[in-house]
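Working notes, structure below.
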Amino acid sequence: MAVALPSFLTAIMIMSRLMAFIGITRNNDMSSKLQALDIAPKLSYDPSAIESASQDFGHIVKAVPQAVLLPSSPWDIASLVNFSYSNSVPFSMAARGNSHSVNGQAMAKNGVVIDMTSMKNGNGTGIRIASDGSYADVGGQQFWIDVLNATLGLGLTPVSWTDYLYLTVGGTLSNAGISGQTFRYGPQISNVYEIDVITGTADFVTCSPNNNSDLFYAALGGLGQFGIITRARIPLEPAPKRVKWVRMLYSDFSDFTRDQELLISKNGRNDNKALNYLEGSLLLDRGSLDNWRSSFFPPQDQPKIISLITKFRIVYCLEIVKHYDDQTKTTVDKDLQQLLKGLRYLPGFMFEKDAKYEEFLNRVHSEELKLKAKGLWDVPHPWLNLFIPKSKISDFNDGVFKSIVLQRNITTGPVLVYPMNRKKWDDRMSAVIPDEEIFYTVGLLQSSGFDDWRTFEDQNKEILQFCEKAGIKVKQYLPHYTTKEGWVNHFGSKWSTFQKRKLQFDPKLLLSPGQRIFNNNQ
């Protein structure tokens, strides 16, 4: 069976491609059949809706669908999937939330894009909090900011977040969902009790570690390949009221990484002495502090920070947060000082801020509003997100940050670099991470103009080529590959399981074609 499976899957892929090709010439026939469905009034062919669904936050890839489904309930989605699955010429579908993807991952060329956000005011799962406050049932279409606001009203909160909260629950759970809390609480996919999933065979399945577990582990981090997540049960904990928010600057990369690794070594979920958040970033010699993280620094201190960056060309910034509430406000400073004891940041370059919990979590939104006002939000975003083994992070600093990034001198967005603990991830899930016990997230979150994004893409390619030549076994987060070989190398030992799960839950390859995993030659 193990030998026969790849051949069988290959045959299905060839058939699906052939059917897709035939389907292009039969669009009118498919449209007439769609019009006969109960959900026909919820299918939009409006040029503006089609145009919107043809693009994403990246503004680099474009793929035009035939229609956009505006569901009011998960059953509308299941109806569409069932129609395609049963059709002699099936078509592909992609779930789209806030479309914060950057390489067309939420697109469906010649297929149907499902606008998940249309269920926010419909009959889909909203946000329902258990009577004992232990969890929230949340619709896959809900933004995390809405989850935060709903739970905070009852003094509760999830514990694992992304830096940007205007993303859908189903979208982040289909990737992993990472931020500065991951070292302690794990990614968002490690903080889910159960999920509802509509598979590529139109089955509506509730799954958990103990119920339909194969689908549970497949869908979490599964890049939308096995089903569309329509509900997630998220554990909750008592919410803090405020945070102590600290940033420290380093000129020496080894000191920077040493301190990060020291701080994440204290990571028990119930350890009240541990940090609640840790991220690192780069401050580059661009003549000013001009990204969304820089507004943290007091205006009177910015000249000396700029002078420091001018001297070293790269300055490393360590950012940490400690929560507190009415019970711990008298001890939080002492606890924080104990954690900072012995750290090697530059004297005189520690900056502290006190903020509301929700203000800290939603910190990116204020910068989003500023960029939108300047017309600088809806621009190309040639991002590159990588996981780097701890043993190679110094080589990466020398070969990428100090060489490629500085030499090209084009990097315009935040550059993140911070560590995570592998034990906080569940290897049964589809998400792929390095084998080492500590690995680093590196995110080059760049913005460009519409005429020069290829220059940034060239830099990304050079970075990946360097890693390959230097023997750095990177794993991409929000992965993007255009060949089967690229995906096989990405998943490594998980590839066989990934194939089997695809055959089981989406045998006709209907879901998430924009990822280009099983249709990479189209």
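Here are the numbers for this structure:
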item: Rg/Rh ratio calculated on Cα atoms of region 33-119 (Kirkwood radius); result: 0.95
item: Solvent-accessible area per residue, Å², over region 242-476 with all protein chains present [probe radius 1.4 Å]; result: 45
item: Cα-based reach from K374 at 20 Å (exclusive), listing aspartates and glutamates while leaving out same-chain residues under 8 positions away; result: D56, D290, D451, D452
item: Estimated [θ] at 222 nm from DSSP helical runs (n ≥ 4, -39500 (n - 2.57)) normalised by residues in the chain, nearest 500; result: -9000 deg cm²/dmol
item: Neighbour-limited loop hits for GluC sites (Glu not before Pro), region 402-476 (at most 12 other Cβ within 10 Å; DSSP other than H, G, I, E, B); result: E437
item: Spherically averaged projected area of region 127-239 from its Cα convex hull (nm²); result: 6.5
item: N82-T331 FRET efficiency (beta carbon distance; Förster radius 60 Å; 0.05 resolution); result: 0.60
item: Column: log10 I(q)/I(0), Debye, Cα scatterers of the chain, q = 0.12 Å⁻¹; result: -1.16
item: Average accessible surface area per residue within region 127-239, 1.4 Å rolling probe, Å²; result: 26
item: Förster-model FRET efficiency, 35 Å R0, D354 and E261, C-beta, rounded to 0.05; result: 0.85
item: Modelled label reach - S295, point 7 Å along Cα→Cβ, region 360-379 residues with backbone N closer than 16 Å; result: 360-378
item: Region 253-331, relative contact order in percent, only Cα pairs under 8 angstrom and at least six apart counted; result: 40
item: Computed Rg/Rh of region 242-476, alpha carbon atoms with Kirkwood Rh; result: 0.95
item: Label-zone membership for region 203-222, site R128, 7 angstrom Cα→C-beta point, backbone N under 16 Å; result: 205-207
item: Label-point gap, in nm, between E51 and V64 - each point 7 angstrom along Cα→Cβ; result: 1.2
item: Pairwise label distance in nanometres, S496 with L152, each label 7 Å out on the Cα-Cβ vector; result: 4.8
item: Viscosity 0.692 mPa s, 37 °C: Kirkwood-radius Stokes-Einstein D of region 242-318 over Cα pairs, µm²/s; result: 238
item: Separation in nanometres of the label points that stand 7 Å from Cα toward Cβ, at N272 and L37; result: 5.4
item: Percent accessible area from carbon and sulfur atoms, the chain, protein chains only, probe 1.4 Å; result: 51
item: Relative contact order [Cα under 8 Å, 6+ residues apart], region 339-453, whole percent; result: 36
item: Per-q log10 I(q)/I(0), region 89-169, q = 0.19, 0.23 Å⁻¹ (Debye; single scatterer per alpha-carbon; no solvent); result: -0.86, -1.09
item: Whole-number percent relative contact order across the chain, with pairs defined as alpha carbons under 8 Å at least 6 apart; result: 18
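The values are calculated or read from the model by the stated rules, or taken from the named source; none is laboratory data. Keep in mind that what you see is a predicted model, and the values were worked out from it rather than measured. Every residue, glycine among them, receives a Cβ derived from its backbone with ideal geometry; neighbour counts consider all protein chains shown. In case anyone asks, the SASA skips ligands and DNA or RNA and just uses the protein heavy atoms, side chains included. Shrake-Rupley method; radii C 1.70, N 1.55, O 1.52, S 1.80 Å.
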